């Protein structure tokens, strides 16, 4: 493990580069991810379809065929109608945020006598509700927001990987000396 510090460094640098790309080019990041998922789903569907004709699979043929068709369909949809897939994901996220926001607000009202500081829960519910409504009103903002959060996550992860690499290198140097 101590000799492989450079692998963590390389992985961390790639994560930082991806994070920066996602922050500065959020729409391109989303389309890249949708294309990657589309290719993976298409490949998985083709492999599953070929497996229908092989008798070495534990699943029933009808289920494997259904899975293959669904995977190929999603793959083709993602590759040729990426905007539709991105918009559908944002709509699902928006609906979830609205429901979660309403639930938090109701819960905070019901718990107002039992929990001190329940206004924070209500505030988080209001923010979730507003964000959900914003995503419905402007789906492109939702797509960009997803990419920005992904970019922030990749940056943090990448920095931690780089720090781990240098820590491992330092420990390996001490052991050798």
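Consider residue 68 carefully, then state whether it is within 30 Å of residue 142 (Cβ to Cβ) and in a helix (DSSP H, G or I). No.
Within the option set 66, 93, 79, 89, being out of contact with any strand residue (DSSP E or B) (no Cβ under 8 Å at 6 or more places or on another chain), surrounded by 13 or more Cβ atoms within 10 Å (Cβ to Cβ), over 30 Å from residue 164 (Cβ atoms) and without any contact (Cβ under 8 Å) to a residue 40 or more places away in the chain holds for one residue only, 66. Within this structure, residue 53 fails the test of being without any contact (Cβ under 8 Å) to a residue 24 or more places away in the chain, touching a helix residue (DSSP H, G or I) at 6+ places or on another chain (Cβ under 8 Å) and farther than 28 Å from residue 23 by Cβ.
Of the residues screened, residue 170 is one that is at pLDDT below 90, assigned to a helix (DSSP H, G or I) and under 16 Å from residue 8 (Cβ atoms). Could you please give the count of residues in segment 108-125 that are loosely packed, with under 15 Cβ neighbours inside 10 Å and modelled with pLDDT of 85 or more? Residues that pass the stated criteria total 2. Being touching a helix residue (DSSP H, G or I) at 6+ places or on another chain (Cβ under 6 Å), farther than 25 Å from residue 146 by Cα and not in a helix (DSSP H, G or I) is a property that holds for residue 112.
On the given criteria, is residue 19 modelled with pLDDT under 95 and more than 21 Å from residue 145 (Cβ to Cβ)? In short, no. Among the numbered conditions (1) in contact with a helix residue (DSSP H, G or I) (Cβ under 9 Å, 6 or more places away or on another chain); (2) exposed (fewer than 14 other Cβ atoms within 10 Å of the Cβ); (3) free of Cβ contacts under 8 Å to residues at least 40 places away in the same chain, tell me where residue 27 comes up short. Condition not satisfied by residue 27: (3).
Of the residues making up segment 121-155, those that are out of contact with any helix residue (DSSP H, G or I) (no Cβ under 8 Å at 6 or more places or on another chain) and assigned to a helix (DSSP H, G or I) are 123, 137, 149.
Only one of the numbered conditions (1) assigned to a helix (DSSP H, G or I); (2) more than 21 Å from residue 34 (Cα to Cα) is not met by residue 89, and that is (2). All of 12, 45, 38 fail the test of being in contact (Cβ under 8 Å) with a residue 12 or more places away in the chain, in a helix (DSSP H, G or I) and closer than 30 Å to residue 170 by Cα, apart from 12.
The values are calculated or read from the model by the stated rules, or taken from the named source; none is laboratory data. Just so it is clear, the model here is predicted, and its values are computed rather than measured. Cβ sites come from the backbone with ideal geometry, for glycine too, and all protein chains shown count toward neighbours.
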